[in-house]
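Asks: Let me give you the structure first, and then I'll get to my questions.
The values are calculated or read from the model by the stated rules, or taken from the named source; none is laboratory data. From a predicted model like this one, the values you see are computed outputs, not experimental measurements. Don't worry about glycine lacking a Cβ; one is built from the backbone with ideal geometry, like all the others, and counts go over all protein chains shown.
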Amino acid sequence: MSKKLNSRQLKALETKKAIFESALKLFKEKGFENVLIEDITTSAGTSKGSFYTYFKSKDEVFIEYYKSVDVLYENFLEEIKGSPSPEEKLIYVLTKGIKHLEQLGPEILTIVLLNQLSHNEKTPFVMNENRTINKIVKEIVEEGLANNTFRQDLSSDELTFLILQYYKGIYLDWCLLKGGFNFAEVGESGLRCLIAGMTVSTK
């Protein structure tokens, strides 16, 4: 049984949440480079020291956001668990992800991408193969291979790679075109075309 949080721990969670939400709001309004730590803490109603208690830098706010999104992907999968079709599972989970991230807008997603590209890490967090979304896609692909829904001439790693390449690519296109198309509609349409090409024909 999980231990109940005390009042101090609850306060800490509330403070971190306030800082996190204030940072994202200001990044969207003013641009990442134009926001100071002091701006974030003033908006959150806390101190600069409190910011560094929870985040090493502004960059880490984005990492925290993607970690929270990964939790949502698990929830999306749970919502569609009863579906007998691995194709629809993939489309549902990934389209729900698009719709959620669409709320940030192309400007803030562009900042996220630039932020990750500028990091010194060999593999930026958003590209890490151990992220929840990558594991979920591979799990569904392996299910489709096991029940002969998906073509057998490509491995689960290869099919997973193709799906995730498209999924990450549609975000890049949306950012480059500054939101110049219906993200959710085009994203789902492309996913359906891609997954149709992976699926074994029953005709």
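Asks: Of all residues in region 169-203, how many are surrounded by fewer than 19 Cβ atoms within 10 Å (Cβ to Cβ) and either polar (S, T, N, Q) or in contact with a strand residue (DSSP E or B) (Cβ under 8 Å, 6 or more places away or on another chain) (or both)?
Replies: Of the residues in that region, 6 qualify.
Asks: Those residues that are among the aliphatic types (A, V, I, L, M) and within 16 Å of the chain's Cα centre (by Cα), I need them from region 168-178; list them, please.
Replies: If the condition is that a residue be among the aliphatic types (A, V, I, L, M) and within 16 Å of the chain's Cα centre (by Cα), then ILE170, LEU172 are the ones that fit.
Asks: How about region 143-152: which of its residues are surrounded by fewer than 17 Cβ atoms within 10 Å (Cβ to Cβ) and either in a helix (DSSP H, G or I) or touching a Phe, Trp or Tyr at 6+ places or on another chain (Cβ under 8 Å) (or both)?
Replies: Matches in region 143-152: GLU143, ALA146.
Asks: Can you confirm whether GLU79 is surrounded by fewer than 18 Cβ atoms within 10 Å (Cβ to Cβ), modelled with pLDDT of 95 or more, over 24 Å from PHE20 (Cβ atoms) and not small (Gly, Ala, Ser)?
Replies: no
Asks: Sticking with this one: Can you pull out every residue in region 19-52 that is more than 23 Å from LEU114 (Cβ to Cβ), surrounded by 13 or more Cβ atoms within 10 Å (Cβ to Cβ) and in contact (Cβ under 8 Å) with a residue 24 or more places away in the chain?
Replies: Passing the criteria: ALA44, THR46, SER50.
Asks: Out of (1) modelled with pLDDT under 85; (2) part of a helix (DSSP H, G or I); (3) surrounded by fewer than 13 Cβ atoms within 10 Å (Cβ to Cβ), what's the single condition that is false for SER2?
Replies: It is condition (2) that SER2 fails.
Asks: Report yes if LEU162 is assigned to a helix (DSSP H, G or I), at pLDDT 90 or above, surrounded by fewer than 19 Cβ atoms within 10 Å (Cβ to Cβ) and of a type in the set (A, V, I, L, M), otherwise no.
Replies: Yes.
Here is a yes/no grid of residues against (1) closer than 18 Å to ILE98 by Cβ; (2) polar (S, T, N, Q); (3) more than 17 Å from the chain's Cα centre (by Cα):
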position	(1), (2), (3)
VAL141	no, no, yes
LEU145	no, no, yes
PHE150	no, no, yes
SER155	no, yes, yes
TYR166	yes, no, no
PHE183	yes, no, no
ARG192	yes, no, yes
THR199	no, yes, yes
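Asks: Going by the conditions given, is GLU38 modelled with pLDDT under 90, among the acidic types (Asp, Glu) and assigned to a helix (DSSP H, G or I)?
Replies: It is false that GLU38 is modelled with pLDDT under 90, among the acidic types (Asp, Glu) and assigned to a helix (DSSP H, G or I).
Asks: Which condition from (1) assigned to a helix (DSSP H, G or I); (2) more than 27 Å from GLY179 (Cβ to Cβ) is the one that LYS56 breaks?
Replies: Among (1) assigned to a helix (DSSP H, G or I); (2) more than 27 Å from GLY179 (Cβ to Cβ), LYS56 violates only (1).
Asks: Six or more apart or on different chains, Cβ atoms under 6 Å: show the pairs whose first residue is in region 182-203 and under 13 Å from GLU87 (Cα atoms) and whose second is basic (Lys, Arg) and surrounded by 12 or more Cβ atoms within 10 Å (Cβ to Cβ).
Replies: Cβ pairs passing all conditions: MET198/ARG151; VAL200/ARG151.
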